1. I'm trying to understand the selection: among the residues of the stretch 198-216, which are assigned to a loop (DSSP other than H, G, I, E, B) and in contact (Cβ under 8 Å) with a residue 40 or more places away in the chain?
2. Counting only residues that are away from the ligand (no atom under 11 Å from the Cβ) and closer than 28 Å to PRO180 by Cα, give me the strands (runs of 3 or more DSSP E) lying completely in the stretch 39-100 with at least 3 of them.
3. Taking the stated definitions as given, is VAL154 out of contact with any Cys (no Cβ under 9 Å at 6 or more places or on another chain), open to solvent by 50 Å² or more (accessible area, probe 1.4 Å), within 14 Å of the ligand (Cβ to nearest atom) and without any contact (Cβ under 8 Å) to a residue 40 or more places away in the chain?
4. Using the structure shown, decide if GLN197 is open to solvent by less than 40 Å² (accessible area, probe 1.4 Å) and within 30 Å of GLU81 (Cβ to Cβ).
5. Residue check: is GLN175 over 28 Å from ILE52 (Cβ atoms), open to solvent by 60 Å² or more (accessible area, probe 1.4 Å), part of a helix (DSSP H, G or I) and away from the ligand (no atom under 16 Å from the Cβ)?
Amino acid sequence: MTEKHLNFNMQNDLSNYRKSYEKSHLIESSLDENPMMQFRKWFYEVEEMGGIEEVNAMTVSTIGLDGFPKSRIVLLKHYDENGFVFYTNYQSEKGKALIENPKVCISFFWPTLERQVIIQGLAKKTSDIQSDNYFNSRPEGSKLGAVVSPQSQVIPDYDFLQNKLKELEQHYQNQPITRPKHWGGFLIKPMIMEFWQGRPNRLHDRIRYTLENMDWRIERLAP
Ligand SMILES: Cc1cc2nc3c(=O)[nH]c(=O)nc-3n(C[C@H](O)[C@H](O)[C@H](O)COP(=O)(O)O)c2cc1C
């Protein structure tokens, strides 16, 4: 029997994976009226608690050119009253997807405090100046990595990247590495933000903020 067949018969029953969520709660009286402020509060609480290496790691889901949703992790690099910013290659699969269809969902899972935040909104490219500023703040190796990698394209092997890196290291020996035009940020302007707090007996808290006429409507959802 081949390895493939063995894998096919492998069974993984995870039905006994269970835990009770009891670390915190989210009640109306303690909510901020503005979901960005609520996000900031939660973010800092999770950060302060420790135990998560990349608190700013988030799942970004896009609708691809093929019509399928696809999710992947990226790092949140900035957020303020305008929204959430991450950086990527505009010619990557997600880059092309967002340029064609700016509807996007980002989500965070912070298990240490049993929290999830799900944000739906619209993505647009950050300004050249903002992308330049961030690019210029990166270590040289990361700058070169962004130039070297044709993100999401099929490449022949790992050496392809290493050889390209060597070439570029030589090329940029005596000149600054500038941001390639196909690399930059996306700003996600939130329209719906949902905060999920794990509670005992699966009776979790879910609070949804929906943007309506420049104001946020706040509702509780059944878990
Ligand atoms: C922890 C972590 C952080 C990542 N951060 C980024 C990021 O900030 N930007 C990015 O383009 N890709 C990031 N990636 C890689 C993406 O998950 C993904 O592989 C890549 O962007 C290509 O995605 P695409 O082909 O769907 O466009 C990260 C991956 C991990 C696991």
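The values are calculated or read from the model by the stated rules, or taken from the named source; none is laboratory data. Since the model is a prediction, treat every value here as computed from it, not as a measurement. A quick note on method: Cβ atoms are made from the backbone with ideal geometry, for glycine too, and the neighbour counts reach across all protein chains shown. Note: accessible area is taken over every heavy atom of the protein model, side chains too, but ligands, DNA and RNA are not part of it. Shrake-Rupley method; radii C 1.70, N 1.55, O 1.52, S 1.80 Å.
1. First, pick out the residues of the stretch 198-216 that are assigned to a loop (DSSP other than H, G, I, E, B): 198-199, 203-204, 213-214.
Passing the criteria: GLY198, ARG199, HIS204.
2. On the way: elements: 57-63, 69-75, 78-80, 83-89.
By residue number, 78-80.
3. On the way: out of contact with any Cys (no Cβ under 9 Å at 6 or more places or on another chain): yes; open to solvent by 50 Å² or more (accessible area, probe 1.4 Å): yes; within 14 Å of the ligand (Cβ to nearest atom): yes; without any contact (Cβ under 8 Å) to a residue 40 or more places away in the chain: yes.
Judged against the criteria, VAL154 is a match.
4. yes
5. Spelling it out, it is not the case that GLN175 is over 28 Å from ILE52 (Cβ atoms), open to solvent by 60 Å² or more (accessible area, probe 1.4 Å), part of a helix (DSSP H, G or I) and away from the ligand (no atom under 16 Å from the Cβ).
Let's see how each residue does on (1) farther than 30 Å from ASN201 by Cα; (2) within 21 Å of the chain's Cα centre (by Cα):
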| residue | (1), (2) |
| --- | --- |
| SER107 | no, yes |
| GLN116 | no, yes |
| ASP132 | yes, yes |
| LEU144 | yes, no |
| PRO180 | yes, no |
| ILE188 | yes, yes |
